[in-house]
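The values are calculated or read from the model by the stated rules, or taken from the named source; none is laboratory data. From a predicted model like this one, the values you see are computed outputs, not experimental measurements. Neighbour counts are summed over all protein chains in view; Cβ atoms, including those assigned to glycine, are modelled from backbone coordinates with ideal geometry. The accessibility values were calculated without ligands, DNA or RNA, using every heavy atom of the protein model including side chains. Shrake-Rupley method; radii C 1.70, N 1.55, O 1.52, S 1.80 Å.
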Amino acid sequence: AQSVSQHNHHVILSEAASLELGCNYSYGGTVNLFWYVQYPGQHLQLLLKYFSGDPLVKGIKGFEAEFIKSKFSFNLRKPSVQWSDTAEYFCAVKGNTGFQKLVFGTGTRLLVSP
Amino acid sequence: EAGVTQFPSHSVIEKGQTVTLRCDPISGHDNLYWYRRVMGKEIKFLLHFVKESKQDESGMPNNRFLAERTGGTYSTLKVQPAELEDSGVYFCASSQFYGSTNTGELFFGEGSRLTVL
């Protein structure tokens with residue numbers, strides 16, 4: 001069965017600090033990988049996704065993630081966070097054949113202090 | 001373009017009562033999903049509709065939960081009778097692509113928070 005592990009449940013950073021959120025997945029096949037974000041009071045929205053090709057994926061708002069197949073990882077990074085990045089971040093994985101469901105991690109709450 | 005809308009945004013009911021949650025997907029999206037998040041835990045898959053058909057309902061907790069999508073448009077999720085452990089946020093999502101390799105992005109609603117007392 002698919003599973004996703006997010007190592008950090010709560011992260012507190014100051015503005016301009018660098019961010020890296022860990023994500024590891026378990027799945028016995030080819031996967032599609034996603035990071036979703038939920039800002040306070042808003043709906044979940046897609047930050048970035050990996051389907052194939054370049055393992056370094058760039059998303060919105062300066063975020064990027066690197067797919068390392070050998071480590072089953074898809075860590076999210078941002079060189080310099082802003083107060084507006086305060087949100088909850090979810091890593092998710094889906095097998096890429098058939099009608100596969102999206103499996104989420106437990107989420108990481110990021111608080112950026114001004 | 002309107003996004004995925006869910007109603008109600010928050011519902012407080014007593015144990016044993018019935019609640020019906022509604023989801024209106026983005027127009028033209030064949031795929032509709034229900035997910036649930038219990039406080040502090042992961043967002044868990046409940047079921048997936050392709051048009052009006054249930055493609056995968058492996059995540060439905062038990063037979064107190066009934067999901068429908070008549071006509072392939074909006075969907076309802078009924079909990080009857082509700083139990084304390086049903087409390088959480090119920091998310092609906094929709095996606096456009098229909099086919100054996102559904103790699104389309106999921107668009108989420110804001111969720112319906114259910115509190116069972």
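Per residue, the solvent-accessible area of the protein assembly as shown (1.4 Å probe, heavy atoms of protein chains only, all protein chains present) comes to 48 Å². The GluC sites (Glu not before Pro) of the range B:1-94 that DSSP puts in a loop, and whose beta carbon has at most 15 other beta carbons within 10 Å, are B:Glu1, B:Glu14, B:Glu52, B:Glu57, B:Glu83.
Loop-located chymotrypsin sites (Phe, Trp or Tyr not before Pro) in the range A:52-109 (DSSP state other than H, G, I, E, B) with a sparse environment of at most 13 neighbouring Cβ atoms within 10 Å are absent.
For chain B, DSSP calls about 90 percent of its internal beta bridges antiparallel.
Take chain B and mark each of the trypsin sites (Lys or Arg not before Pro) that is in a DSSP loop with at most 16 other Cβ atoms within 10 Å; the longest unmarked stretch, sites excluded, is B:65-117. The longest stretch of chain B left intact once loop-based chymotrypsin sites (Phe, Trp or Tyr not before Pro) with at most 15 other Cβ atoms within 10 Å are removed from consideration, loops following DSSP, is B:1-96. Computed extension length for A:Phe72-A:Asp54: 4.9 nm, one decimal, from 0.36 nm per residue of separation with the Cα-Cα distance subtracted. Solvent-accessible area lost on pairing B with A (1.4 Å probe, both sides summed) amounts to about 1900 Å². For the range A:7-51, the relative contact order comes to 29 percent (Cα pairs under 8 Å, sequence separation of at least 6).
The simple spin-label model puts a point 7 Å past each Cα toward its Cβ; for B:Glu57 and B:Glu85 those points are separated by 2.0 nm. Kirkwood radius and radius of gyration were both taken over the C-alpha atoms of the range A:1-103, and their ratio Rg/Rh is 0.96.
Projected label points at A:Arg109 and B:Thr70, each 7 Å from Cα along the beta carbon direction, are separated by 4.1 nanometres. Taking a straight line from the alpha carbon of B:Lys41, these lysines sit under 27 Å away, with near neighbours fewer than eight places off in the same chain left out: A:Lys49, A:Lys61, A:Lys69, A:Lys71, A:Lys78, A:Lys94, A:Lys101, B:Lys15, B:Lys54, B:Lys78. Across chain A, the relative contact order, built from alpha-carbon pairs under 8 Å that are at least six residues apart, equals 37 percent.
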